[in-house]
Amino acid sequence: MYKLIIADDESIIREGLKGLVDWNELGFEIIETFSDGEEVIEFLDSMPADVVLTDIKMKRIGGIDVARYVQENELPCKVVFISGHQEFELALQAVKYRVRDYILKPSTVESIREVFGKIKKELDAQTRDREYQARMQEYWAEVYPVFADKFVGSLIMGGIDDTEIIDQRMQFLYPDVEVGSCPCMLVHLQIPEYDEFMQTSWNYSADQFDNALYNFVRFFQKDGYFHIIYKNRGSIRLFVILKVSYRTPKENADFCNALIRRFEQEFQEIFRIKTNMEIDRIFPTIYQVIESREELAGMSSHRTDTELYLLERKKMLMTSIMQGNINTAQKIMQTILKSISESDPKAQLHSVADIFHDICGFLKEKNPSLLRSIQPFLNDQTIRNLPDMKAAEFYSDRIFDKMKTTEGMSKQFDTNRLVNRIKEYVVKHILEDIRLEDAANEIFISTTHLSRIFKQQTGETFLQYVTKKKMEKAAELLSDPHYKIYQVGECLGYKTPRYFSKLFYNVLGYYPSQYRREILHFREESDEEA
């Protein structure tokens, strides 16, 4: 029902308009009637209305003043005048106030139904348009981080080389950034006491910390767009695209240092944890990232970070194959080969063989027909006995060229099967602290891609699904009277009874003690549930 206000200084007309037609049948609900335009304006100051049906002339403030107020304040409200024949010229003067229509006195059912029938159609169209815009905004809010993370990942990991493509995607994702002159930086954020923090200070799961971390990074867009490239416990690599540019390297460096200090300060205030944050590299423009990929791969002084960097590249490689983006996958593979930095040439070739072994394992489950098409060209021992890395690159290109010629390969991946594999992983590890990153590693695809397809296939986020399954397991454990409620929560990875009880209530509609008392019919000591 649309909200309608009626205003006329004659009570007999006000009451007559109320009862003259079946307003509910027309799709309107009369929420208030007034005798003067001043009352209408006061009401509209605090309460919304869709339509005002008002007499054009009243004792103090008339309909024209109401129409002027609605227009000047840009209220989403339509104004319809009631006027006598002698007031028709006055009504025409109100056209500049965008009065929707007028009804001549004495009013008839037919005239009211005709005018409000048209208005109802207009309001319906506006409602559909608002709903569509809201859906589009919701959709964009969901997919934008995926697109942006994929772009940055491809840029860093080697999936994009073409500057024209970089320009197009930058203009689409970051319209307020000057592509050719915006500096970028690679940043290392370290949490030295990460394990202690997770054990003693953080009251939720590790996956919820990661989720909070990603949300913080996503919404901290002050003078720069921050993206997490990869994360290993308390070691986090960020790539930042700055919204502004400066003329000298010193100005760039000063600005970047000030920005990360603000980031670090807010991070510490929100998470209440000590951090160390350093700039690894500042790039004068985003194009310089392409030229520095091999340097970026070896930038970390910690072997675990380097291994994680390669793992992220391999995950992006598998994701690209899965999506049918074989050209992108081939470029990523080329950068992986160039970034393998073992001093022993034989060790390098063993690494290449291991990567193709991972690809075969991935395809065996995800796309057996594609695996069959490239299997005649794959030989583990041949790879390990290649003379050098140049030969390995040639060998790799031949495999990917064969993938490109496999008919319909991009349509053969079964995302339902992949999601079912993730669900099986969750059930298998239900008593552990399950993280999206661990699940993505299990099936060798990127976390952003897993998050996206899981939501598409199930209608819920990965974290929502994990929470639901954990609460179902909690209900099962609560049926055993030997378990205290706090023990059930701890068993499932929840450190505080209060938080566990809140999640249990959100999923099942009962607090744990209430569930035992009302569903299982036995008593239990009271836990914190508020």
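Where a number appears in this text, it was derived from the coordinates with a stated rule and is not lab data. Since the structure is predicted, the reported quantities are computational estimates derived from the model, not experimental observations. Reconstructed Cβ throughout: ideal geometry from the backbone, glycine too, with neighbour counts over all protein chains shown.
Can you tell me which lysines have their Cα less than 24 Å from the Cα of Lys18? Leave out same-chain residues fewer than eight positions away. Once the sequence-local lysines are set aside, what remains near Lys18 is Lys3, Lys57, Lys59, Lys78, Lys105, Lys118, Lys120, Lys121.
When the alpha-carbon atoms of the chain are used, the pair Rg, Dmax equals 32.0, 101 angstrom. The smallest convex shape that holds all Cα atoms of the range 158-291, its convex hull, gives 110 Å³ per residue. Rounded to the nearest 10 degrees, the inclination of helix 389-404 to the longest alpha-carbon principal axis of the chain is 40 degrees. Kindly express, to the nearest 10 degrees and within the range 0 to 90, the angle between helix 163-173's C-alpha long axis and the longest C-alpha principal axis of the chain. The two axes meet at around 40 degrees. For the pair Lys121 and Val143, the difference between a 0.36 nm per residue extended length and the Cα-Cα distance amounts to 4.7 nm. Compared with the direct C-alpha span, the chain from Asp438 to Asp280 gains 54.2 nm at full extension, assuming 0.36 nm per residue.
Close Lys pairs in the range 415-518 (alpha-carbon distance under 20 Å; sequence gap of 8 or more, or different chains): 25.
Taking 0.36 nm per residue of separation and subtracting the Cα-Cα distance, full extension of the segment from Lys468 to Glu32 would add 152.4 nm. May I ask you to evaluate 6.51 cos²θ - 1.76 cosθ + 1.60, the Karplus curve with θ = phi - 60°, for each residue of the range 504-518 and list the ³J(HN,Hα) values in order in whole Hz, giving x for glycine and proline? Couplings: 4, 5, 4, 8, 9, x, 9, 6, x, 5, 5, 4, 5, 6, 8 Hz. As I understand it, the value is the acute angle between the Cα axis of helix 345-366 and the longest principal axis of the Cα atoms of the chain; what does it come to in degrees, rounded to 10? Computed tilt is about 50 degrees. For the peptides 323-334, 369-380, residues were scored by their other Cβ atoms within 10 Å and the scores averaged per peptide; the highest-first order is 323-334, 369-380. Calculated FRET efficiency, Glu25 to Gln456, Cβ-Cβ distance, R0 = 35 Å: about 0.25 to the nearest 0.05.
Amide H to amide H, which residues 5 or more places from Val99 or on other chains are under 5 Å from it, using H placed in the peptide plane? It is none; the list stays empty. Amide H neighbours of Gly224 under 5 Å, counting only residues 5+ apart in sequence or on other chains, H built in-plane at 1.01 Å? Residues meeting the amide H criterion: Lys243. Adding -39500 (n - 2.57) for every DSSP H run of four residues or longer, then dividing by how many residues the chain holds, sets the calculated 222 nm ellipticity at -18500 deg cm²/dmol.
Evaluated with a Cβ-only charge set (Lys, Arg +1; Asp, Glu -1), the chain carries a dipole of roughly 1500 debye about its Cα centre, given to the nearest 20.
A simple spin-label model places the labels of Gln199 and Arg60 7.2 nm from each other, with each point 7 Å out along Cα-to-Cβ.
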